[in-house]
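Written below as structure tokens is the structure these notes are about.
The values are calculated or read from the model by the stated rules, or taken from the named source; none is laboratory data. Here the structure is a predicted model, which means the values were calculated and not measured. All Cβ positions, even for glycine, are placed from backbone atoms using ideal geometry, and neighbour counts span all protein chains on display.
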Amino acid sequence: MTFHPQSREPCEPCEPPGCAVLAMPSEIDFCNASGLLPLIMTAVEQRSDALRLLVLDLSGTRFMDSQGVRLIAAVRRRLPDSTLLRVVAAPGVASRVLELSGLRRDVPVHDNLAEALHAESGTAA
């Protein structure tokens, strides 16, 4: 299981101030979802004083079941009121699971990272 902040090429823009982008693993299921929540919340707590936006980047996630939906919902419930949550999920399995579960109504889901970082508050793609 790999979990790391979004890696960047030297010419790509960095995270805007007050934002954290976390790249999610290639699979999110029963085997690893429960272990991801503490990792995500630790990253949030480390920046809690200045964190206004958390982006969970599922662009590299090739498989996700209902445990991924539960994970995102749990993160949303645990975030401070001052921190927005957005998800990046390009068309594919993860995006379809989010759509079928209805989570897209509650959490803004964007096709790419640039959209997620620059979207208006509270709007879904």
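Details
- Filtered residue count, region 46-74, keeping only those that are crowded, with 19+ Cβ neighbours inside 10 Å, of a type in the set (D, E, K, R) and at pLDDT below 95: 0
- Being out of contact with any helix residue (DSSP H, G or I) (no Cβ under 7 Å at 6 or more places or on another chain), under 13 Å from V21 (Cα atoms) and surrounded by fewer than 19 Cβ atoms within 10 Å (Cβ to Cβ) is a description that does not apply to E99.
- Given (1) buried (at least 16 other Cβ atoms within 10 Å of the Cβ); (2) touching a Phe, Trp or Tyr at 6+ places or on another chain (Cβ under 8 Å); (3) outside any strand (DSSP E or B), number of the condition L39 does not satisfy: (1)
- Residue match in region 21-29 (condition: modelled with pLDDT of 95 or more, among the small types (G, A, S) and touching a Gly at 6+ places or on another chain (Cβ under 8 Å)): yes
- Where A43 falls short, out of the listed (1) at pLDDT 90 or above; (2) under 18 Å from A119 (Cβ atoms): (2)
- Taking region 31-40 as the range and being within 22 Å of L117 (Cβ to Cβ) and either within 12 Å of the chain's Cα centre (by Cα) or in contact (Cβ under 8 Å) with a residue 40 or more places away in the chain (or both) as the test, the residues that pass are L36, I40.
- For the residues L71, L58, L53, the requirement of being in contact (Cβ under 8 Å) with a residue 40 or more places away in the chain and more than 20 Å from G18 (Cβ to Cβ) singles out L71.
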